[in-house]
Amino acid sequence: MALHKENVLIVDDDYDMLELIHRNLSALHFHTYRAISVKEAIEILKSSPIDLLITDLQMPGVNGIELIKYADEHYPEIPKLVITGFPSVDGAISAIQSGALDYLVKPFTQAELKLAIEKSLQEKRSDIFDHKKDKPVTNAYAGMIGSSESFEEMIDVVERVKNNRATILIQGESGTGKELVARAIHYKGAYAGNPFIAVNCGAIPENLLESELFGYVKGAFTGAGDSRQGFFQAAAGGTIFLDEIGTAPANVQTSLLRVLQEKEVRRIGAQKSEKIELRIIAATNSDLYQMVEKGTFRQDLYYRLNVVNILTPPLRERKEDIFPLVHNFIKKYGVEYKKPFVTITDKAMELLTRYSWPGNIRELENVVQRAIILCDKNIDVQEIPKHIKLAEPSAESDVHKSLREVEREHIQRVLASVDNNKTKAAEILQIDRKTLRQKLK
């Protein structure tokens, strides 16, 4: 099912309630922005098109009533829905007088939330049309290829956020194109003329990551012979993309929180912070929410990174995109290897479509590239790697194999899919290289 046209801003200082409402709205196919304070909510209102505001009343600092009043004067066209765990007649009257259309008491069911949202949006419904009907099928967008519904939904979110500086968290398996999405947001948006800095947090040693991100002043530590700007200062005015954010150590998480909260960066060894304006896009193939529950990732940082969430779907869930992707890679590598008229047989395409692609688009690209190198004019089944084809029939059922045997066979298939590149294989298997070496012994 496609996303609704409406963007919903949820404001609540209770992390669990924020997550609950977000999940309920996601199940109802609404796109959400999240804020844990009135200050953050106002920043989102200023920079993003919001169609419904849902806010708690009781919050530290500035309360929800003040937010309702502000939004009613500055954004009168946005309907406002109040939620609270402290119901009272005075509170309800005050909220309605301030501009709220409805009042929902915690705890509430998903059905009650849905009804309240539909009621709040009713006044705008007459102006809403199904933009999907008038929108042509997207086959290519900023270097990304696809026509599946999940691809269309992902591009729809990119279009919504490209012109503002809302913090974005991209989640998805390795090889699903998270950096391509980040680049699309930057280069399709209003800040395309400013820097785009990509940082792989997992590729920089933990003891160096903080100095690389935030810079340092001369004499801050042994070896700091000169002052140096970090990646954040280099990205000023543009976008910084923090890949594998789940690998960031505790000290870096703390510093990142300061950047998100205060919009300022302090170099290592510096006495003063520097104000900075930029968009932060983080990406991970880990479940950060689970890491929060285990205590390995800061909860407050998770919610500040996760203002807007974009999921890059795995290739096995968007198989209708395999056909256009394959033809795009044939065109790309046909030019590179001076074979511009290469085609692919129906049988070879059938094998590619049937395969589950644990390495996702990256693995598919590697397979097509290899096939073009090996073929003469046509890619046929003989150019398709063995691990993609049906395995040899065997009297021994897989059910009777040991877990170690099944695991080893799967590792060998993944290695074959990435031309024995152990770093890429470890990423796909979501283990480190050391563990991979041990399992291969």
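The values are calculated or read from the model by the stated rules, or taken from the named source; none is laboratory data. Because the structure is predicted, anything quoted here is derived from the model rather than measured. Don't worry about glycine lacking a Cβ; one is built from the backbone with ideal geometry, like all the others, and counts go over all protein chains shown. Please note that ligands, DNA and RNA were not included when accessible areas were found on the heavy atoms of the full protein model with its side chains. Shrake-Rupley method; radii C 1.70, N 1.55, O 1.52, S 1.80 Å.
Cα axis of helix 89-98 to longest principal axis of the chain: angle in degrees, 0 to 90, nearest 10?
Between the helix axis and the principal axis of the chain, the angle is about 80 degrees.
Suppose we keep just the DSSP beta bridges with both residues in the chain; what percent of those would be antiparallel, to 5?
The answer is about 10 percent antiparallel.
Separation between the residue 194 and residue 206 pseudo-spin-labels, each 7 Å from Cα along Cα→Cβ, expressed in nm?
A separation of 3.3 nm, rounded to one decimal place.
For residue 119, give me every one of the lysines with a C-alpha distance below 30 angstrom, ignoring sequence neighbours fewer than eight places off in its own chain.
Within the straight-line cut-off, residue 119 pairs with 5, 39, 46, 69, 80, 106, 132, 133, 135, 162.
Relative to the longest principal axis of the C-alpha atoms of the chain, give the angle of the C-alpha long axis of helix 403-417, reported between 0 and 90° and rounded to the nearest 10°.
Approximately 80 degrees, to the nearest ten.
Can you tell me how the range 318-441 classifies by the Cα gyration tensor, rounded, prolate or oblate, using a/c under 1.5 as the rounded cut?
Prolate, since a/c reaches 1.5 and a/b exceeds b/c.
What order do you get for 106-112, 254-260, 139-145 when each peptide is scored by the mean count of other beta carbon atoms within 10 Å, highest first?
Going from most to least packed, we get 254-260, 139-145, 106-112.
Test of understanding: what is the full-extension gain from residue 294 to residue 337, defined as 0.36 nm times their sequence separation minus their Cα-Cα distance?
Gain on stretching residue 294 to residue 337: 10.6 nm.
What's the extension gain from residue 28 to residue 159 if we count 0.36 nm per residue and subtract their Cα-Cα distance?
Residue separation times 0.36 nm, minus the Cα-Cα distance, leaves 45.1 nm.
Against the longest alpha carbon principal axis of the chain, how many degrees, from 0 to 90 and to the nearest 10, is the axis of helix 110-125 turned?
Roughly 80 degrees, rounded to the nearest 10.
At 222 nm, what helix-only mean residue ellipticity would the chain give, in deg cm²/dmol to the nearest 500, using -39500 (n - 2.57) for each DSSP H run of four or more?
One gets -13500 deg cm²/dmol as the mean residue ellipticity at 222 nm.
In Å², what does the accessible area per residue of the range 6-63 work out to with a 1.4 Å probe?
Value for the range 6-63: 34 Å² per residue.
Using a 1.4 Å probe, how large is the accessible area of residue 5, given in Å² and rounded to the nearest 10?
Residue 5 has an accessible surface of roughly 80 Å² with all protein chains in place.
At 1.4 Å probe size, what's the solvent-accessible area of residue 157? Round to the nearest 10 Å².
Residue 157 exposes around 10 Å² with every protein chain in place.
Distances over 35 Å make up what percent of all Cα-Cα pairs in the chain?
41 percent
Report, by chain and number, residues whose modeled amide H sits under 5 Å from the one on residue 311, excluding near sequence neighbours (fewer than 5 apart, same chain).
Here the answer is 171, since their amide H atoms fall under 5 Å of that of residue 311.
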